[in-house]
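Quick notes on the structure that follows.
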Amino acid sequence: MSTARLLPATPAAALTRWRPPPAPGRGVVWVMGGLLLLMLGAAAIVRWDISMRREAFAADARIAHRLLSQRAAQLEAVLATLALVAPARGGDEPAERLPALWPAVLAVQRSDADHPWSDAVLAEAEAQSRAQSRAQSGSARHAVLAGVDAARGQYWIVLAGHPASWALRVDARRLVGAEEWPLSDTGPVRVWLARGDEALLLYAGPSQSEQPAGLTQGFTFAMLLATPGQPFELHLHRATGPAQWPWAWLLAWGAACAAATAALWALQRARSAQRRQADLMRLAQAARLNTLGELAAGLAHELNQPLAAVLASTRAAQRLLPQAGGADGEGEHGDQGGDGAALRQALSLAADQARRASDVLTRLRRLVQDPTRGAALQPVGLQALCSQMLHLLGPELQRRGVTASVSGQVGALHADPVMLEQIVHNLVTNALQALEQAGTPAPRIELRLQPAADPTQAQLRVCDNGPGLAPEHLERVFEPFFTTRAGGLGLGLPLCQTLAQTLGGSLEARNAVAPGGGVAGPSWC
């Protein structure tokens, strides 16, 4: 199992100084935003529709009140005229023709000293009319309401006069003709005249079962008629509910919101894909630069050993050359003084060049092995960073059918986020490549975070259910140029090891072990 021990932990509040890009799954936010916009717009449309229908209802109610008040006032004016003129009784009395002229007048009755009222209700109403006149100091008499028949919608109005008093039987439903009435007699509005507990129904409106079910009482109107003799209160009521909402407009608004949300979501996904591509390009550029540095460091390390051997051999040859030539420079092959001097000079030049090459490689290795140069250390949330790496590699994970997850929680780390991103990116990429190469069914990658034994440290485990590593390979996975993948360069894990060590941590690799101590199947962490 491979464990990366990364950096001292810092307070989580320091995360405000570094915020990774947003995690995946923002589609839910767009859907919720679209639903909120839909509900707000639908509420505005419904409120506007209700307001318009309420205004139309109020306008019709005011017209109905004015017409009823006018007709009632006209009937009282007719009564006053009859009482003033007091036509004589006869077979062709003009008052008897009133029902033909006024459809609302059903009957006309007259009372005088010789012909009193046959109905006690009318007599009582006449007495009330005279009493009102005396109470008002001789002012004009007013008609009095009498004999209300709520079931038929009819009533009497009586006006006391001298020498005769008059009474009209009125049909309330005919006060205003259909051609003038602003409402339909079969429409959704219920209209009635109320006086105390009595109610004269003018228009019944729809039945209770046909009325739309709503959350409120609906539209209502109530106002007294502007006639003192007929003190009725006009009532209008119209039930409202969702069945009367402008569903065509609501459906159009819903379609517009859905289209707008889909377009914005697609735009957001395109921008997210662009940001993901930019981040991957940034990581790839950093990987290329770091790999180049690791390559240079590996070459310097590998070339320093043969250069050291060349330098040692050259110096040994320089020491052995005088012994082979004798004290005076002459050997068994004769006088080689001139050739010996040239040979010693050549060996000296070779040693100088080998030393110079070794110094150049040492300086190069020291330069490329300092990745912290120019790095900006800051508090970084490791869990957010791991989630972001999986988000960046999301399309690749989906393409290969790999399930990836992050679990655990640790404190913030004081590090360079680019280096941490490079480590996690390389480890997850290696796991992806291993899973693809092995053809593992139901491949998965798990990034597990847990606090280390040292409270100032944190551990990150990158585990997969791939084939694992052979025992002889585990010891060499962090060697430069060692790889088990065809075409691999063998610098990814050494680079991760270098970056982890630079950040004050370490990196190790091992196969996953079962709880009982055996190998837990083909897997590696």
Charged-residue dipole, Cβ positions (Lys, Arg, Asp, Glu), segment 142-259 about Cα centre, Debye nearest 20:
20
Show me 459-471, 219-231 ranked by packing, highest mean number of other Cβ atoms within 10 Å first.
459-471, 219-231
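Before I look further, what does segment 173-322 give for accessible area per residue, probe 1.4 Å, in whole square angstrom? The partial results should precede the final answer.
Working: 8950 Å² over 150 residues.
With all protein chains present, segment 173-322 gives 60 Å² per residue.
The values are calculated or read from the model by the stated rules, or taken from the named source; none is laboratory data. All values reported here derive from a predicted model rather than from experimental measurement. Cβ sites come from the backbone with ideal geometry, for glycine too, and all protein chains shown count toward neighbours. Please note that ligands, DNA and RNA were not included when accessible areas were found on the heavy atoms of the full protein model with its side chains. Shrake-Rupley method; radii C 1.70, N 1.55, O 1.52, S 1.80 Å.
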